[in-house]
Amino acid sequence: SPTVLDATQPVDDVSRHWRKLIGVEMEAYGVHRACNDSIYPPAQFLCLKSICDFAEGKNDDWQHYAAYTSAQLLQNFLLAEWSSLAI
């Protein structure tokens, strides 16, 4: 079953470098760290995700809307930037 980590330490660690940080999307942060720390040169990573809840009081009320807005952002990004991406 999925687990939500409600811990302040990872956010505190990151916020030392970004003083205006108010939260971290933990799954994307984990993938970013894995891409950055596992191989050289680091794998490129892009996360386009809509946040639909917080760790405390988690529910799926906004899940479908968040999925829609994420997909729209990806589509708009690819349409605008596809020719300039170095893939």
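Are any of the residues in segment 29-38 farther than 23 Å from PHE77 by Cβ, among the acidic types (Asp, Glu) and touching a residue at least 40 places away in the same chain (Cβ under 8 Å)?
no
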Sole residue being modelled with pLDDT of 85 or more and either under 17 Å from the mean Cα position of the chain (by Cα) or of a type outside the set (Ser, Thr, Tyr) (or both), chosen from TYR29, TYR68, TYR40: TYR68
Complete set of residues in segment 1-17 that are surrounded by 10 or more Cβ atoms within 10 Å (Cβ to Cβ) and at pLDDT 75 or above: ASP12, ASP13, VAL14, SER15
Considering residues of segment 39-65 that are in a helix (DSSP H, G or I) and free of Cβ contacts under 8 Å to residues at least 12 places away in the same chain only, the residue most open to solvent (accessible area, probe 1.4 Å): HIS64
So LEU21, is it among the hydrophobic types (A, V, I, L, M, F, W, C) and assigned to a helix (DSSP H, G or I): no
Residue match in segment 66-83 (condition: assigned to a loop (DSSP other than H, G, I, E, B) and either farther than 14 Å from GLU27 by Cβ or open to solvent by 100 Å² or more (accessible area, probe 1.4 Å) (or both)): no
Residue within segment 77-85 that is more than 25 Å from VAL11 (Cβ to Cβ) and in contact (Cβ under 8 Å) with a residue 12 or more places away in the chain present: yes
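The values are calculated or read from the model by the stated rules, or taken from the named source; none is laboratory data. Every value quoted in this text rests on a predicted model; they were computed, and no experiment measured them. Methodologically, a virtual Cβ is constructed for each residue, glycine included, from the backbone with ideal geometry; neighbour enumeration extends over all protein chains shown. For accessibility, only protein heavy atoms count, side chains too; no ligands or nucleic acids. Shrake-Rupley method; radii C 1.70, N 1.55, O 1.52, S 1.80 Å.
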